[in-house]
Amino acid sequence: HRHLLGIEPLHPEEITTVLDLADRYVELNQSANKRSDALAGLTQINMFFENSTRTQASFEIAGKRLGADVMNMAMQASSIKKGETLIDTALTLNAMHPDLLVVRHPHSGAVNLLAEKVNCAVLNAGDGRHEHPTQALLDALTIRRAKGRLHRLTVAICGDIAHSRVARSNLILLGKMENRVRLVGPPTLMPSQIKEFGVEVFDDMKAGLEGADVVMMLRLQRERMDGGFIPSEREYYHRYGLDAEKLACAKDDAIVMHPGPMNRGVEIDGTIADDINRSVIQEQVEMGVAVRMAAMDLLARNLSEARTQKGVMV
Ligand code: CP
(Lines give C-alpha, C1' and ligand atoms only; values in the text may rest on other atoms or scores of the structure.)
Protein backbone atom coordinates (compact mmCIF):
# COMPACT_ATOMS: atom_id res chain seq x y z
CA HIS A 1 0.00 0.00 0.00
CA ARG A 2 1.07 3.56 -0.66
CA HIS A 3 -0.88 5.04 2.30
CA LEU A 4 -2.42 3.90 5.58
CA LEU A 5 -5.85 5.53 5.40
CA GLY A 6 -7.91 2.88 7.13
CA ILE A 7 -8.21 -0.76 8.21
CA GLU A 8 -10.84 -1.42 5.53
CA PRO A 9 -8.40 -2.13 2.63
CA LEU A 10 -6.00 -4.31 4.68
CA HIS A 11 -5.88 -8.11 4.38
CA PRO A 12 -5.50 -10.21 7.57
CA GLU A 13 -1.92 -11.19 6.52
CA GLU A 14 -1.01 -7.49 6.16
CA ILE A 15 -2.36 -6.78 9.64
CA THR A 16 -0.24 -9.65 10.97
CA THR A 17 2.85 -8.27 9.15
CA VAL A 18 2.42 -4.87 10.84
CA LEU A 19 1.92 -6.48 14.26
CA ASP A 20 4.93 -8.80 13.87
CA LEU A 21 7.19 -5.87 12.98
CA ALA A 22 5.68 -3.81 15.82
CA ASP A 23 6.55 -6.63 18.26
CA ARG A 24 10.20 -6.17 17.22
CA TYR A 25 9.91 -2.41 17.77
CA VAL A 26 8.49 -3.04 21.27
CA GLU A 27 11.78 -4.81 22.06
CA LEU A 28 13.80 -1.94 20.60
CA ASN A 29 11.79 0.60 22.64
CA GLN A 30 12.46 -1.38 25.82
CA SER A 31 16.22 -1.47 25.13
CA ALA A 32 18.74 1.16 26.22
CA ASN A 33 19.45 2.51 22.71
CA LYS A 34 15.94 2.74 21.12
CA ARG A 35 17.41 3.78 17.76
CA SER A 36 17.04 2.52 14.21
CA ASP A 37 17.85 4.14 10.88
CA ALA A 38 14.78 2.79 9.02
CA LEU A 39 13.62 6.34 8.18
CA ALA A 40 17.06 8.01 8.00
CA GLY A 41 17.08 10.84 5.47
CA LEU A 42 13.26 10.94 5.26
CA THR A 43 11.08 13.88 6.25
CA GLN A 44 7.91 13.32 8.30
CA ILE A 45 5.36 16.11 8.75
CA ASN A 46 2.65 15.80 11.41
CA MET A 47 -0.49 17.84 10.69
CA PHE A 48 -3.05 17.71 13.49
CA PHE A 49 -6.18 19.76 12.81
CA GLU A 50 -7.77 18.34 15.97
CA ASN A 51 -6.43 17.97 19.51
CA SER A 52 -4.31 14.96 20.40
CA THR A 53 -1.98 13.78 23.15
CA ARG A 54 -1.24 10.10 22.49
CA THR A 55 -1.35 9.93 18.69
CA GLN A 56 0.64 13.11 18.07
CA ALA A 57 3.30 12.35 20.70
CA SER A 58 3.72 8.72 19.65
CA PHE A 59 3.99 9.51 15.91
CA GLU A 60 6.63 12.12 16.74
CA ILE A 61 8.59 9.75 19.01
CA ALA A 62 8.21 6.92 16.47
CA GLY A 63 9.63 9.04 13.63
CA LYS A 64 12.53 10.30 15.73
CA ARG A 65 13.45 6.79 16.96
CA LEU A 66 13.58 5.67 13.31
CA GLY A 67 15.88 8.54 12.35
CA ALA A 68 13.41 10.69 10.35
CA ASP A 69 13.48 14.48 10.33
CA VAL A 70 10.17 15.18 12.07
CA MET A 71 8.30 18.46 11.77
CA ASN A 72 5.13 19.21 13.73
CA MET A 73 2.94 21.77 11.97
CA ALA A 74 1.30 24.03 14.56
CA MET A 75 -2.05 24.11 12.75
CA GLN A 76 -3.48 26.78 15.10
CA ALA A 77 -0.64 29.08 13.99
CA SER A 78 -0.79 28.13 10.29
CA SER A 79 -2.29 29.98 7.31
CA ILE A 80 -5.40 27.77 7.63
CA LYS A 81 -6.41 30.56 10.04
CA LYS A 82 -6.16 33.04 7.13
CA GLY A 83 -8.56 31.01 4.98
CA GLU A 84 -6.14 28.71 3.16
CA THR A 85 -7.86 25.42 2.33
CA LEU A 86 -6.78 21.96 3.45
CA ILE A 87 -5.82 21.04 -0.11
CA ASP A 88 -3.77 24.22 -0.70
CA THR A 89 -2.02 23.63 2.62
CA ALA A 90 -1.26 20.05 1.58
CA LEU A 91 0.02 21.11 -1.85
CA THR A 92 2.24 23.73 -0.21
CA LEU A 93 3.80 21.20 2.13
CA ASN A 94 4.04 18.64 -0.69
CA ALA A 95 6.24 21.09 -2.62
CA MET A 96 8.79 20.78 0.22
CA HIS A 97 9.21 17.05 -0.64
CA PRO A 98 8.10 15.32 2.55
CA ASP A 99 8.12 11.52 2.57
CA LEU A 100 5.49 10.87 5.23
CA LEU A 101 2.47 13.00 6.14
CA VAL A 102 0.60 12.15 9.35
CA VAL A 103 -2.81 13.80 9.35
CA ARG A 104 -5.65 14.13 11.86
CA HIS A 105 -8.75 16.01 10.76
CA PRO A 106 -12.25 16.53 12.24
CA HIS A 107 -14.01 15.68 8.94
CA SER A 108 -14.54 12.08 7.81
CA GLY A 109 -12.86 11.55 4.44
CA ALA A 110 -10.60 14.64 4.63
CA VAL A 111 -7.42 12.55 4.94
CA ASN A 112 -8.33 10.37 1.91
CA LEU A 113 -8.93 13.54 -0.12
CA LEU A 114 -5.57 14.98 0.90
CA ALA A 115 -3.81 11.70 0.05
CA GLU A 116 -4.94 12.04 -3.59
CA LYS A 117 -3.10 15.35 -3.91
CA VAL A 118 0.35 14.60 -2.56
CA ASN A 119 3.41 12.70 -3.70
CA CYS A 120 4.25 10.96 -0.42
CA ALA A 121 2.85 8.38 1.98
CA VAL A 122 -0.10 9.58 4.09
CA LEU A 123 -1.04 8.06 7.44
CA ASN A 124 -4.50 8.71 8.84
CA ALA A 125 -4.19 9.75 12.50
CA GLY A 126 -8.00 9.89 12.84
CA ASP A 127 -10.58 11.52 10.54
CA GLY A 128 -13.95 12.49 12.00
CA ARG A 129 -15.96 9.40 12.85
CA HIS A 130 -14.48 7.42 9.92
CA GLU A 131 -11.22 5.59 10.78
CA HIS A 132 -8.28 5.64 13.21
CA PRO A 133 -6.22 2.76 11.76
CA THR A 134 -3.12 2.99 13.96
CA GLN A 135 -5.36 2.94 17.06
CA ALA A 136 -6.99 -0.31 15.91
CA LEU A 137 -3.55 -1.79 15.14
CA LEU A 138 -2.15 -0.83 18.55
CA ASP A 139 -5.27 -2.24 20.21
CA ALA A 140 -4.82 -5.46 18.22
CA LEU A 141 -1.17 -5.73 19.30
CA THR A 142 -2.15 -5.13 22.94
CA ILE A 143 -4.83 -7.85 22.74
CA ARG A 144 -2.50 -10.31 20.97
CA ARG A 145 0.22 -9.85 23.61
CA ALA A 146 -2.23 -10.10 26.55
CA LYS A 147 -4.28 -13.04 25.23
CA GLY A 148 -1.63 -14.85 23.16
CA ARG A 149 -3.84 -14.73 20.05
CA LEU A 150 -5.98 -12.38 17.95
CA HIS A 151 -8.75 -14.72 16.83
CA ARG A 152 -11.80 -16.40 18.36
CA LEU A 153 -12.01 -13.83 21.15
CA THR A 154 -15.20 -12.14 22.36
CA VAL A 155 -14.62 -8.39 22.38
CA ALA A 156 -17.22 -6.00 23.84
CA ILE A 157 -16.83 -2.41 22.56
CA CYS A 158 -18.84 -0.22 24.90
CA GLY A 159 -20.24 3.32 24.93
CA ASP A 160 -20.51 6.02 22.28
CA ILE A 161 -20.16 3.84 19.18
CA ALA A 162 -21.94 6.28 16.84
CA HIS A 163 -19.30 9.00 17.04
CA SER A 164 -16.26 6.74 17.34
CA ARG A 165 -13.66 6.18 14.63
CA VAL A 166 -11.86 3.95 17.16
CA ALA A 167 -14.88 1.62 17.38
CA ARG A 168 -15.25 1.57 13.59
CA SER A 169 -11.59 0.71 12.88
CA ASN A 170 -11.55 -1.84 15.69
CA LEU A 171 -14.69 -3.66 14.66
CA ILE A 172 -13.42 -3.89 11.07
CA LEU A 173 -10.02 -5.23 12.21
CA LEU A 174 -11.40 -7.65 14.79
CA GLY A 175 -13.93 -8.96 12.27
CA LYS A 176 -11.20 -9.55 9.66
CA MET A 177 -9.25 -11.55 12.25
CA GLU A 178 -12.31 -13.71 13.02
CA ASN A 179 -13.24 -12.48 16.46
CA ARG A 180 -16.74 -12.10 17.88
CA VAL A 181 -17.49 -8.39 18.29
CA ARG A 182 -20.29 -7.04 20.47
CA LEU A 183 -21.31 -3.40 20.54
CA VAL A 184 -22.73 -2.27 23.88
CA GLY A 185 -24.38 1.10 24.53
CA PRO A 186 -27.56 3.14 24.44
CA PRO A 187 -29.51 2.89 21.15
CA THR A 188 -29.11 6.69 20.78
CA LEU A 189 -25.32 6.20 20.54
CA MET A 190 -25.39 3.34 18.01
CA PRO A 191 -24.77 4.13 14.33
CA SER A 192 -27.79 3.67 12.07
CA GLN A 193 -25.96 1.41 9.57
CA ILE A 194 -24.77 -1.00 12.28
CA LYS A 195 -26.34 -4.09 10.66
CA GLU A 196 -23.79 -3.83 7.80
CA PHE A 197 -21.03 -4.92 10.16
CA GLY A 198 -22.57 -8.22 11.25
CA VAL A 199 -21.99 -7.61 14.97
CA GLU A 200 -24.19 -8.26 18.01
CA VAL A 201 -25.70 -5.17 19.63
CA PHE A 202 -26.64 -4.85 23.33
CA ASP A 203 -28.19 -1.99 25.27
CA ASP A 204 -27.87 -3.88 28.55
CA MET A 205 -24.24 -3.68 29.62
CA LYS A 206 -24.18 -6.76 31.86
CA ALA A 207 -25.65 -8.90 29.06
CA GLY A 208 -23.15 -7.43 26.60
CA LEU A 209 -20.19 -8.20 28.88
CA GLU A 210 -21.25 -11.78 29.69
CA GLY A 211 -18.26 -14.05 28.92
CA ALA A 212 -16.22 -11.32 27.17
CA ASP A 213 -12.43 -11.75 26.87
CA VAL A 214 -11.86 -8.05 26.17
CA VAL A 215 -13.83 -5.03 27.40
CA MET A 216 -13.05 -1.91 25.37
CA MET A 217 -14.46 1.34 26.76
CA LEU A 218 -15.06 4.56 24.81
CA ARG A 219 -15.41 8.22 25.78
CA LEU A 220 -18.58 10.23 25.10
CA GLN A 221 -17.32 12.20 22.07
CA ARG A 222 -19.19 15.45 22.66
CA GLU A 223 -17.16 17.29 20.00
CA ARG A 224 -18.91 15.21 17.33
CA MET A 225 -22.44 15.19 18.79
CA ASP A 226 -23.57 18.25 16.76
CA GLY A 227 -26.14 19.33 19.36
CA GLY A 228 -27.79 15.88 19.27
CA PHE A 229 -28.58 13.67 22.24
CA ILE A 230 -26.11 14.09 25.11
CA PRO A 231 -26.85 11.84 28.09
CA SER A 232 -26.47 13.10 31.68
CA GLU A 233 -23.13 11.89 33.07
CA ARG A 234 -24.66 10.48 36.25
CA GLU A 235 -27.29 8.45 34.40
CA TYR A 236 -24.72 7.34 31.80
CA TYR A 237 -22.28 6.12 34.46
CA HIS A 238 -25.06 4.24 36.23
CA ARG A 239 -26.08 2.34 33.08
CA TYR A 240 -22.90 2.20 30.96
CA GLY A 241 -19.95 3.16 33.18
CA LEU A 242 -17.58 0.22 33.74
CA ASP A 243 -17.59 -0.59 37.46
CA ALA A 244 -16.65 -3.76 39.39
CA GLU A 245 -20.21 -5.11 39.33
CA LYS A 246 -20.54 -4.90 35.54
CA LEU A 247 -16.98 -6.13 34.92
CA ALA A 248 -17.77 -9.24 37.01
CA CYS A 249 -20.01 -10.39 34.11
CA ALA A 250 -16.98 -10.67 31.79
CA LYS A 251 -14.52 -13.60 32.00
CA ASP A 252 -12.36 -13.65 35.16
CA ASP A 253 -9.28 -12.94 33.04
CA ALA A 254 -10.91 -10.31 30.80
CA ILE A 255 -8.72 -7.31 30.03
CA VAL A 256 -9.98 -3.71 30.17
CA MET A 257 -9.01 -1.28 27.41
CA HIS A 258 -9.58 2.41 26.70
CA PRO A 259 -8.04 4.37 23.79
CA GLY A 260 -7.91 7.56 25.89
CA PRO A 261 -8.47 10.29 26.69
CA MET A 262 -10.68 8.84 29.42
CA ASN A 263 -13.20 10.52 31.67
CA ARG A 264 -13.02 8.80 35.05
CA GLY A 265 -16.40 8.44 36.70
CA VAL A 266 -18.23 8.90 33.37
CA GLU A 267 -17.47 5.82 31.21
CA ILE A 268 -15.06 4.06 33.60
CA ASP A 269 -14.41 3.78 37.34
CA GLY A 270 -10.92 5.15 38.06
CA THR A 271 -10.05 2.15 40.29
CA ILE A 272 -10.61 -0.25 37.37
CA ALA A 273 -8.63 1.96 34.99
CA ASP A 274 -5.69 1.82 37.44
CA ASP A 275 -5.96 -1.91 38.27
CA ILE A 276 -2.82 -3.39 36.72
CA ASN A 277 -4.34 -6.90 36.93
CA ARG A 278 -7.18 -5.95 34.57
CA SER A 279 -6.39 -2.69 32.80
CA VAL A 280 -4.00 -2.62 29.81
CA ILE A 281 -4.50 1.10 29.15
CA GLN A 282 -0.82 1.98 29.66
CA GLU A 283 0.25 -1.00 27.50
CA GLN A 284 -1.97 0.42 24.74
CA VAL A 285 0.01 3.67 24.86
CA GLU A 286 3.30 1.75 24.77
CA MET A 287 2.13 -0.32 21.79
CA GLY A 288 1.14 2.91 20.04
CA VAL A 289 4.75 3.94 19.56
CA ALA A 290 5.79 0.51 18.25
CA VAL A 291 2.83 0.18 15.87
CA ARG A 292 3.46 3.64 14.42
CA MET A 293 7.14 2.77 13.94
CA ALA A 294 6.12 -0.41 12.10
CA ALA A 295 3.52 1.34 9.93
CA MET A 296 5.91 4.12 8.88
CA ASP A 297 8.76 1.66 8.30
CA LEU A 298 6.59 -0.49 5.98
CA LEU A 299 5.21 2.50 4.07
CA ALA A 300 8.71 3.93 3.65
CA ARG A 301 9.85 0.64 2.04
CA ASN A 302 6.95 0.88 -0.45
CA LEU A 303 7.75 4.54 -1.02
CA SER A 304 11.34 3.92 -2.03
CA GLU A 305 10.23 1.05 -4.33
CA ALA A 306 7.60 3.26 -6.01
CA ARG A 307 10.07 6.09 -6.49
CA THR A 308 12.83 3.82 -7.81
CA GLN A 309 10.49 2.25 -10.37
CA LYS A 310 8.68 5.33 -11.55
CA GLY A 311 10.87 8.31 -10.78
CA VAL A 312 7.97 9.85 -8.93
CA MET A 313 5.00 8.24 -7.23
CA VAL A 314 1.77 7.98 -9.17
N1 CP B 1 -6.46 7.57 21.40
C2 CP B 1 -6.23 8.76 20.82
O3 CP B 1 -6.38 8.97 19.60
O4 CP B 1 -5.82 9.71 21.72
P5 CP B 1 -5.42 11.22 21.34
O6 CP B 1 -6.70 11.91 20.86
O7 CP B 1 -4.89 11.84 22.61
O8 CP B 1 -4.41 11.18 20.24
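So what's the net charge close to Ile45: Lys and Arg +1, Asp and Glu -1, counting the other residues with Cβ under 13 Å from its Cβ?
Values: positive: Arg104; negative: Glu60, Asp69, Asp99.
The answer is -2.
Using helices alone, I'd like the mean residue ellipticity at 222 nm for the chain: each DSSP H run of four-plus residues gives -39500 (n - 2.57), total over residue count, nearest 500. Before the final figure, lay out each step's value.
Numbers: 11 runs with 123 residues, N = 314.
Using -39500 (n - 2.57) per qualifying helix, the result is -12000 deg cm²/dmol.
If I build a Gaussian network model for the chain, linking alpha-carbon pairs within less than 10 angstrom, which residue out of Ile157, Ile80, Ile172 has the largest mean-square fluctuation?
Its mean-square fluctuation being the largest, the pick is Ile80.
In whole Å, what three semi-axes, largest first, describe the equivalent ellipsoid of region 1-87 built from its Cα gyration tensor (square root of 5 times each eigenvalue)? Show your work: numbers first, answer last.
On the way: eigenvalues 147, 70, 28 Å².
Semi-axes from the Cα gyration tensor: 27, 19, 12 Å.
When the distances between all Cα atoms of region 103-174 are binned every 5 Å from zero, what whole-number percent does each bin get?
3, 16, 22, 22, 15, 11, 7, 3, 0
Taking all protein chains in place and a 1.4 Å probe, what share, in percent, of the accessible surface of the chain do carbon and sulfur account for?
Answer for the chain is 50 percent, counting heavy atoms of protein chains only.
Percent relative contact order of region 1-115, based on C-alpha pairs within less than 8 angstrom and at least six residues apart?
Result for region 1-115 is 31 percent.
Do any chymotrypsin sites (Phe, Trp or Tyr not before Pro) in region 155-230 lie in a DSSP loop with no more than 14 other beta carbon atoms within 10 Å, and if so, which?
Phe229
Using the structure shown, list the pairs from Lys64/Lys195; Lys147/Lys206; Lys34/Lys117; Lys34/Lys251; Lys117/Lys195; Lys34/Lys206 with a Cα-Cα distance above 31 Å, or answer none.
Pairs exceeding 31 Å: Lys64/Lys195; Lys34/Lys117; Lys34/Lys251; Lys117/Lys195; Lys34/Lys206.
When the convex hull of the Cα atoms of the chain is projected onto a plane and the area is averaged over all directions, what value comes out in nm²?
16.2
Give me the mean projected area, in nm² to one decimal, of the convex hull enclosing the Cα positions of region 179-314.
Computed as one quarter of the Cα hull surface, the answer is 11.4 nm².
I'd like the distance separating the alpha-carbon centroids of region 194-252 and region 63-78, in whole Å.
First find each Cα centre; the distance between them is then 35 Å.
Using the Cα centre of region 5-112 as the reference point, and only Cβ charges (+1 on K/R, -1 on D/E), how large is the resulting charge dipole? Debye, rounded to the nearest 20.
With Lys and Arg at +1 and Asp and Glu at -1, about 480 debye.
Compute the accessible area per residue over the chain, keeping the other protein chains in place, probe 1.4 Å, unit Å².
Accessible area per residue, the chain: 44 Å².
Quick one: Debye curve from the alpha-carbon atoms of region 190-233 only, equal weights, vacuum; give me log10 I(q)/I(0) at q = 0.14, 0.30, 0.34 Å⁻¹ to two decimals.
-0.49, -1.17, -1.18
Among Arg168, Arg152, Arg129, which one shows the highest mean-square fluctuation when the chain is modelled as a Gaussian network with alpha-carbon springs under 10 Å?
Answer for the Gaussian network model of the chain: Arg152.
For region 126-152 and region 1-34, write down the distance between their C-alpha centroids in whole Å.
The distance from the Cα centre of region 126-152 to that of region 1-34 comes to 11 Å.
Using the Cα gyration tensor of region 216-274, with a ≥ b ≥ c the square roots of its eigenvalues, what is the shape: rounded (a/c below 1.5), prolate (a/b larger than b/c) or oblate (neither)?
Details: a/c = 2.35, a/b = 1.80, b/c = 1.31.
Note, shape of region 216-274 comes out prolate.
The values are calculated or read from the model by the stated rules, or taken from the named source; none is laboratory data. Please read these numbers as outputs of a predicted model, since none were measured by experiment. Positions of Cβ are generated from backbone atoms using ideal geometry, with glycine treated the same way; all protein chains shown enter the neighbour counts. Please note that ligands, DNA and RNA were not included when accessible areas were found on the heavy atoms of the full protein model with its side chains. Shrake-Rupley method; radii C 1.70, N 1.55, O 1.52, S 1.80 Å.
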